[in-house]
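Undergrad: Submitted below is the structure of interest, expressed as structure tokens.
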Amino acid sequence: KNSAIAISLDDCLQLAKAAESLSLRPQKIRNAQSGQYLSSLRGRGMEFDELRLYQPGDDVRAIDWNVTARSGKTHTKLYREERERPVIFWLDLRPNMFFATRVAFKAVIAAKVCALLAWAAYRNNDKIGGLLFSNNQHIEVRPNSGRNGLSHWFKTLSEHPAFDEWHSDNSHQNQFSSNEKWQNALKRLNRVAHPGSLIFMLSDFTDMSEQDQPYFRKLAKHNDVSLIQINDTFEEQLPISGNLRISQQGNQQGKWLNLNTQSKKVRQQYSEHYQQQQKYIKQLCLKERMQYIKLLTHDDYLTTLRAIYRNKI
């Protein structure tokens, strides 16, 4: 497979060495570049263990008010740490991710980042699973630990049909429902994410809107959520190159949008729309305490991730 337009099983396996420099253990996440927000990984999920009478020093947030009301005595919940934390990857493989002007498709960069972080999760004895969605297919991988969990994830990732169908007419047959696919995948993630999970969401997030906020809020309330945005420099600022024909997602007739990039007004309107979307994404991450990481297709993603998840050992 061409490494610029697809990811192979070998590509996934070859990232093992690079992942040794990464750690997903609970830590303060470093601010590696402008636009990344400090947060802390809470670590493994907590499972309810037992109830007992409240003792001085217990966390008041753990008081079971229902039992307290019934018994007339203050009871508190005790929790025990889960041995294996679920690490869930939510990967956008719709047609909008099969674009780039430099190095590799956004979808390929996102897949390689998934593979790299999966190796780090494996080294931390975490469970590995995920949701991969395109316009034509939604695949879920139940979190599993050990070599089986890692190999199953790599196999599913490298064999996803989207990497073979992006250039065919078939890949666009459901293009009018692309936003609906986004919504469904977001809802599904909310239903399957186990509290205490570490969730990596990889997309260009062009479809993120205010109506999605309740889903992100629910996810971030009980999980550690990292949004990894993959963009191309072309999407940040239009080049001055004359008329461009751009496919319009959300259009059943497959119509094209003509952009005259020599027009200063057109370039300014495009830039303002992009910046407005970026502002919303960053504000949502700050509000819901989600980690935000931005990568361009030509960036050295390993260097960026090392600065954030540096292994201290």
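The values are calculated or read from the model by the stated rules, or taken from the named source; none is laboratory data. Remember, it's a predicted structure, so these values are computed and weren't measured experimentally. We place every Cβ from the backbone using ideal geometry, glycine too, and count neighbours over all the protein chains shown. For accessibility, only protein heavy atoms count, side chains too; no ligands or nucleic acids. Shrake-Rupley method; radii C 1.70, N 1.55, O 1.52, S 1.80 Å.
Undergrad: Going by the structure shown, is Gln283 open to solvent by 70 Å² or more (accessible area, probe 1.4 Å), at pLDDT below 60 and either out of contact with any Leu (no Cβ under 8 Å at 6 or more places or on another chain) or among the small types (Gly, Ala, Ser) (or both)?
TA: Values: open to solvent by 70 Å² or more (accessible area, probe 1.4 Å): yes; at pLDDT below 60: no; either out of contact with any Leu (no Cβ under 8 Å at 6 or more places or on another chain) or among the small types (Gly, Ala, Ser) (or both): yes.
No: the conditions fail for Gln283.
Undergrad: Report, by residue number, each residue of segment 265-313 that is among the polar types (S, T, N, Q) and in a loop (DSSP other than H, G, I, E, B).
TA: Let us first name the residues in segment 265-313 that are among the polar types (S, T, N, Q), namely 268-269, 271, 275-278, 283, 291, 297, 303-304, 311.
Correct list: Thr297, Asn311.
Undergrad: Continuing with this model, one more query. Any residue in segment 240-247 that is touching a helix residue (DSSP H, G or I) at 6+ places or on another chain (Cβ under 9 Å), modelled with pLDDT of 60 or more and not hydrophobic (A, V, I, L, M, F, W, C)?
TA: Let us first name the residues in segment 240-247 that are touching a helix residue (DSSP H, G or I) at 6+ places or on another chain (Cβ under 9 Å), namely 240, 247.
Those still in the list that are modelled with pLDDT of 60 or more too: 240.
Checking which are not hydrophobic (A, V, I, L, M, F, W, C) leaves us with none.
Within segment 240-247, none of the residues are touching a helix residue (DSSP H, G or I) at 6+ places or on another chain (Cβ under 9 Å), modelled with pLDDT of 60 or more and not hydrophobic (A, V, I, L, M, F, W, C).
Undergrad: Continuing with the same structure: Taking into account only those residues within segment 180-203 that are of a type in the set (D, E, K, R) and surrounded by fewer than 21 Cβ atoms within 10 Å (Cβ to Cβ), which is farthest from His273 (Cα to Cα)? Quick ask: steps written out before the conclusion?
TA: Here is the first cut: in segment 180-203, the residues of a type in the set (D, E, K, R) are 180-181, 187-188, 191.
The next check asks that each one be surrounded by fewer than 21 Cβ atoms within 10 Å (Cβ to Cβ); those that pass are 180, 187-188, 191.
On the way: Glu180: 21, Lys187: 26, Arg188: 29, Arg191: 32 Å.
It comes out as Arg191.
Undergrad: Which residues, taken from segment 274-311, are over 21 Å from Asp224 (Cα atoms) and in contact with a strand residue (DSSP E or B) (Cβ under 8 Å, 6 or more places away or on another chain)?
TA: Selection gives Leu296, Thr297.
Undergrad: If you don't mind, another one. Between a residue in segment 1-26 that is at pLDDT below 95 and any residue that is open to solvent by 80 Å² or more (accessible area, probe 1.4 Å), which pairs come within a Cβ distance under 6 Å, given they are 6 or more apart or on different chains?
TA: Ser21/Arg306
Undergrad: Among the numbered conditions (1) modelled with pLDDT under 90; (2) part of a helix (DSSP H, G or I); (3) among the hydroxyl-bearing types (Ser, Thr, Tyr), tell me where Tyr79 comes up short.
TA: Here Tyr79 clears every test but (2).
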